[in-house]
Each structure stands twice: as C-alpha cells, then as structure tokens.
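Take a look at the structure set out below.
The values are calculated or read from the model by the stated rules, or taken from the named source; none is laboratory data. Note that the structure is a prediction, hence the values are computed from the model and not measured. Don't worry about glycine lacking a Cβ; one is built from the backbone with ideal geometry, like all the others, and counts go over all protein chains shown. For accessibility, only protein heavy atoms count, side chains too; no ligands or nucleic acids. Shrake-Rupley method; radii C 1.70, N 1.55, O 1.52, S 1.80 Å.
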Amino acid sequence: MRVRSAVVRITAAVLAVGCMAACADGAPAAPTTSDSARATVPGGTAGGAGTSAASVRAGAPCTAGKCTDNSHASGNENRQGTGGGRHACSPSVSLDRYSDALDKTTFQGTFVGNLSALARDTDGSIAAVSDRSVLIGLGGRTHRPVRTTELADEKGAALDAEGLAVEPGGAYLVSSETEPSVRRYDRSGALLGRLPVPDALRVAPAGRAQGNQTFEGLALRPGGGTLTASMEGPLTGDGKDTAGRPLLRFQTWQRYGARPGPAPYRSGSAPYRLGKQYAYPGDAGLGVSEIAALADGRLLVLERGFTAGVGNTVRLYLADPRRAADVSGVTKLPDGKAVRAAHKKLLADLGACPSLGAPAHQPQTNPLLDNIEGMTVTGRTPGGRLCLLLVSDDNESPKQITRLYELTVRPGGH
C-alpha cells in the first residue's frame with residue numbers, strides 16, 4: 001500500500017508540473033505551435049533578452065483557459081522586465097510585471113512596434129495589430145513574436161489600424177480610424193468584408209467625427225454575439241453630461257445567428273448588422289484608447305492622455321452599458337436633456353502603480369507609464385480575478401517604449 005501511494009503521489013506531481021507548464025497565462029493544454037521553435041528574431045532582440053511569461057506559483061491550481069495566480073510567484077525577469085508578485089495599484093488592480101523585451105525589435109524583417117491593440121487568439125496566442133497595418137502574433141506564454149501578417153483595404157492600401165477582435169471561428173475584426181471602418185479578415189489576412197458604419201460617425205465632411213478621434217477601441221463579447229467600437233473623442237456638436245464630462249459614442253453590431261463556431265460569410269460584406277449606440281462619459285482631457293468586453297456585457301475601458309513635460313495619464317474603468325439609452329437617433333448629445341449614459345467606475349489610475357524600477361525616455365510622473373493603447377483579457381486566476389495584458393504604442397519614437405504590462409483585476413459586481 002505504501003509503494004502504491006508513493007507511485008500515485010509521484011504520478012500526480014508529474015501531471016501537475018505538465019499542467020502548469022501548459023496552462024500558464026491561459027495557454028491551451030495542447031498548444032498548436034511552439035513559441036521557442038518559432039521565435040528566432042533575425043536582426044533584432046525580441047524575446048532574446050527577457051521574458052514576460054508568468055512565473056508559476058508552486059502548487060497553484062491550473063486549468064486550461066485560465067491564467068496562473070501569481071500572488072506568491074518569484075520574479076525571473078532580467079533588466080528588461082520585472083515583477084513576480086502582486087503590486088497594488090488600487091484595491092481592485094495590481095501590477096504583476098512589465099516587460100520591455102519587444103521594444104525596438106524586429107521579427108523576420110518586420111518592426112515590432114506601433115502596437116495599438118491586443119486580442120486573445122483562438123489558438124491561445126495573443127494577436128496584436130500595429131497602426132502600420134501589420135498583424136503580429138505573440139506567443140501566449142512568452143509574448144515573443146511568432147508570425148506577422150500584412151493587412152490592406154479594398155484597394156490594397158495600408159490601414160491606420162487601431163482596434164482588434166477575434167471571432168470564435170478565428171476571423172479577425174480590425175478597425176481603422178481613417179474613415180472610420182471595421183473590416184473582417186481570414187487567418188491569412190485576406191479581406192472578407194466590411195461592417196456598416198453610421199454616417200454621423202464618419203470623419204468630416206462625410207460625418208461629424210474629428211480626425212484621429214474615431215474607432216480606437218474594438219471588443220467582441222465572449223461568445224461572439226456583440227461587437228463594440230469606441231470613439232476616442234466626441235463628435236462635433238455633441239455636448240457633456242450633467243457632471244461636465246464629454247460624451248463619447250460607442251457603436252455596437254450584432255452578429256447574424258450568433259453562436260460559437262464560424263460565422264456565415266456574405267459576399268462583399270460582413271455578417272453583422274448595426275446595433276445599439278450609447279453614450280460614454282469620458283474624463284476631460286483624456287480619450288478612450290481601448291476597450292475589452294466581459295461575458296456579462298460590461299466593458300473594461302482604458303482612457304489615456306498626454307501632457308508635454310508631464311507625461312501620460314492612464315486610467316482603467318469598468319463601464320456598464322446595459323441600461324444605457326440608445327442614442328443612435330439623437331443628432332446631438334445631450335439634446336437638451338440628461339442622457340442615460342453608460343455608468344462607469346474607476347478601477348485604477350495606473351499612475352498610482354509602483355514603478356518597479358521601470359525606465360522612461362521622456363518626462364513621466366510615473367516612469368512605468370507610456371502611451372498605452374492595447375488591452376485584452378488573457379484569462380482568470382483560480383480566485384476568479386481577471387488577467388489583463390496591456391501594451392504601449394511607441395510610435396517608432398526613441399522617446400517612447402513598446403512595453404507590456406500584466407495586471408490582475410477584480411472588477412466586482414455582476
């Protein structure tokens with residue numbers, strides 16, 4: 001009996017180690033590709049000098065599709081990344097680590113930077129899109145580049161890509177703030193179609209949107225039914241709420257026959273119809289740079305701004321649009337009366353996070369901060385907290401950094 005018990009214990013330990021290796025950061029238990037085999041970086045250093053992979057806490061539960069609880073992990077990053085535990089930014093948000101390993105690097109001749117959006121891909125990797133019209137795949141555990149795909153519009157021209165979402169069937173949804181637009185691409189980067197956009201949201205003179213203030217964020221609700229695009233700034237003529245906050249418009253689409261699996265393809269279009277449009281009260285001086293959808297219909301909203309000589313301001317909000325009024329028929333907000341906008345709650349001002357010794361190449365009140373534009377939910381800890389991955393857009397500037405941030409968030413409520 002003792003021999004048999006020992007064998008059982010040893011077998012269980014081996015299985016646990018294998019599970020932790022496979023499931024860290026929410027990676028699939030049986031990954032389809034090997035990050036280490038595909039992450040050679042000719043002419044660059046991506047992933048070669050550091051890692052943003054989570055450290056696995058000994059004995060931590062591990063479930064496929066969930067990220068590891070790192071509350072007692074030990075850091076193993078070098079000078080380009082640090083962390084290894086929860087560092088409180090607020091009662092709801094903690095910083096686990098950051099990594100600069102991607103900064104000013106190339107992968108197979110493609111510059112790895114200008115990253116404007118992140119989305120968890122169907123194979124467990126992280127999809128990132130640059131505003132130079134390139135889709136970059138990052139390893140789900142290593143966050144090192146594993147593939148690149150160039151994107152183009154209907155005429156073969158590059159996009160000013162700012163938002164990204166991945167359908168359950170694997171198609172990519174990419175927003176461009178030029179028109180603005182939302183296009184749908186297959187796994188090879190071939191254009192499948194384009195979603196309808198209300199005339200008022202188009203850039204002037206076609207509509208009332210201001211240049212570079214349109215579809216900055218894009219999020220697909222888990223399950224793939226509702227797609228949301230967030231305007232970075234207000235439309236010309238739109239006003240403020242009763243608290244004096246500028247009202248921004250969030251546009252939704254509903255997917256035809258929404259259910260898990262590939263969506264039906266309609267020639268020349270995308271399988272979505274226009275849905276509800278609602279108002280979101282943004283902070284004065286900030287713009288919405290990214291959104292992430294939760295399964296219950298709420299959104300994580302990232303607002304950020306920049307002041308020369310001072311640096312970036314970045315705030316993470318939890319927004320609830322479920323009772324917000326549909327303002328698609330309202331010409332100008334607030335139209336002489338109070339508008340039932342989405343309710344929002346501040347989760348954290350990221351300037352309050354510990355800097356962890358992060359460097360900055362320009363003045364920052366907190367050197368940890370930079371131009372953060374991308375965000376995605378990568379999984380949940382065994383305790384139910386959300387694991388977030390954020391990225392900053394370096395604009396290919398020597399004064400800015402491509403930096404990855406791993407956060408743990410307790411949104412609260414339902």
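Give region 384-414 a look and list any residue that's open to solvent by less than 30 Å² (accessible area, probe 1.4 Å), among the charged types (D, E, K, R) and in contact with a Gly (Cβ under 6 Å, 6 or more places away or on another chain), or say none.
D394
Out of (1) within 22 Å of S392 (Cβ to Cβ); (2) open to solvent by 30 Å² or more (accessible area, probe 1.4 Å), the odd one out for G163 is which?
Answer for G163: the failing condition is (2).
Pick from L115, L138: which is within 19 Å of G379 (Cα to Cα), out of contact with any Phe, Trp or Tyr (no Cβ under 9 Å at 6 or more places or on another chain), of a type outside the set (S, T, Y) and modelled with pLDDT of 95 or more?
So the residue among L115, L138 that is within 19 Å of G379 (Cα to Cα), out of contact with any Phe, Trp or Tyr (no Cβ under 9 Å at 6 or more places or on another chain), of a type outside the set (S, T, Y) and modelled with pLDDT of 95 or more is L138.
Which of the residues spanning region 188-206 are of a type in the set (D, E, K, R) and crowded, with 16+ Cβ neighbours inside 10 Å? If you could, list the steps in order and put the result at the bottom.
Taking region 188-206 and keeping what is of a type in the set (D, E, K, R), we get 194, 199, 202.
Hits for region 188-206 are R194, R202.
Residues in region 337-355 that are open to solvent by 60 Å² or more (accessible area, probe 1.4 Å) and either under 19 Å from L299 (Cα atoms) or of a type in the set (S, T, Y) (or both): how many?
Qualifying residue count, region 337-355: 4.
Which of the residues belonging to region 207-222 are open to solvent by 20 Å² or more (accessible area, probe 1.4 Å) and within 17 Å of the chain's Cα centre (by Cα)? Please lay out each step first, then the result.
Just the residues of region 207-222 that are open to solvent by 20 Å² or more (accessible area, probe 1.4 Å), to begin with: 208, 210-213, 220-222.
Matches in region 207-222: L220, R221, P222.
Which of the following residues is touching a helix residue (DSSP H, G or I) at 6+ places or on another chain (Cβ under 6 Å), within 30 Å of D100 (Cα to Cα), part of a strand (DSSP E or B) and of a type outside the set (A, V, I, L, M, F, W, C): G379, G374? Even if it seems obvious, please write down each step before you answer.
On the way: G374 fails: touching a helix residue (DSSP H, G or I) at 6+ places or on another chain (Cβ under 6 Å).
Checking each option against the conditions leaves just G379.
State whether the residues of region 288-301 include one that is closer than 25 Å to L404 by Cβ and of a type in the set (S, T, N, Q).
Yes: region 288-301 contains one or more residues that are closer than 25 Å to L404 by Cβ and of a type in the set (S, T, N, Q).
Please specify each residue of region 95-112 satisfying the condition of being farther than 24 Å from C353 by Cα and crowded, with 23+ Cβ neighbours inside 10 Å.
Listed by number, the residues that qualify are F107, V112.
Only one residue in A338, A348 is more than 17 Å from L118 (Cβ to Cβ) and part of a loop (DSSP other than H, G, I, E, B). Which one?
A338
Within the group G169, G257, which residue is open to solvent by 40 Å² or more (accessible area, probe 1.4 Å), within 17 Å of L274 (Cα to Cα) and modelled with pLDDT under 95?
G257
Looking at region 229-245, which of its residues are open to solvent by 10 Å² or more (accessible area, probe 1.4 Å) and assigned to a strand (DSSP E or B)?
K240, the sole residue that qualifies.
Can you find, within region 130-172, the residue that is farthest from the chain's Cα centre (by Cα) among those that are under 22 Å from A206 (Cβ atoms) and among the aliphatic types (A, V, I, L, M)?
A157
I'd like the full set of residues that are more than 20 Å from G239 (Cα to Cα), assigned to a loop (DSSP other than H, G, I, E, B) and within 20 Å of the chain's Cα centre (by Cα), limited to region 276-308.
Listed by number, the residues that qualify are L294, A295, D296, G297, R298.
So, in region 309-330, how many residues would count as being open to solvent by less than 60 Å² (accessible area, probe 1.4 Å) and assigned to a strand (DSSP E or B)?
Result for region 309-330: 9.
I'd like the residue in region 130-144 that is farther than 16 Å from R120 by Cβ and not charged (D, E, K, R) and, out of all such residues, is surrounded by the most Cβ atoms within 10 Å (Cβ to Cβ).
S130
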